[in-house]
Amino acid sequence: MINNRTRIINNRMTLQIVNVPEYRTWSILNILFCFFVLGIFACMKSEETRNRKCSGDLQGALKSSKSAKILNIFATILGIISIVIFSILVATKTIKLYSYVSY
């Protein structure tokens, strides 16, 4: 027999598990636009977060979510730095985006 107290505790656990962020969208954007390698690892961690949420493992989901967040932060920072450096190199004509030969 389930009493009211057990039902309240189960509802709180469900709400806590649902509120764990997965960072999947951020991971996919990092794969596409920023630092590819860390974006893939972040996407793997976000998938792990989703799996742990589905199995009801709140502590594991929180740990995986934190790892995905850290990986996404590093991927975003490295992506922005590489874009800025590449833009500076192109602007100073240190590297060329294209080269053509005219006859």
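The values are calculated or read from the model by the stated rules, or taken from the named source; none is laboratory data. All figures in this text were calculated on a predicted structure; none of them were measured in a lab. Ideal geometry is used to build each Cβ from the backbone, glycine not excepted, and the neighbour counts take in all protein chains shown. For the accessible areas, the whole protein counts, side chains as well, though only heavy atoms, and no ligand, DNA or RNA atoms are used. Shrake-Rupley method; radii C 1.70, N 1.55, O 1.52, S 1.80 Å.
Within the stretch 20-54, the set of residues being more than 15 Å from residue 66 (Cβ to Cβ) and not in a helix (DSSP H, G or I) comprises 34, 35.
When 73, 81 are screened for being in a helix (DSSP H, G or I), surrounded by fewer than 15 Cβ atoms within 10 Å (Cβ to Cβ), modelled with pLDDT of 90 or more and not charged (D, E, K, R), only 81 passes.
For the stretch 54-70, filtering for residues that are in contact with a Phe, Trp or Tyr (Cβ under 9 Å, 6 or more places away or on another chain) and touching a residue at least 40 places away in the same chain (Cβ under 8 Å) leaves 3.
Applying a threshold of 7 Å to beta carbon distances and a minimum spacing of six or more residues, or different chains, the list of pairs starting in the stretch 74-94 at a residue that is more than 25 Å from residue 43 (Cα to Cα) and ending at one that is open to solvent by less than 70 Å² (accessible area, probe 1.4 Å) and modelled with pLDDT under 90 reads 89/95.
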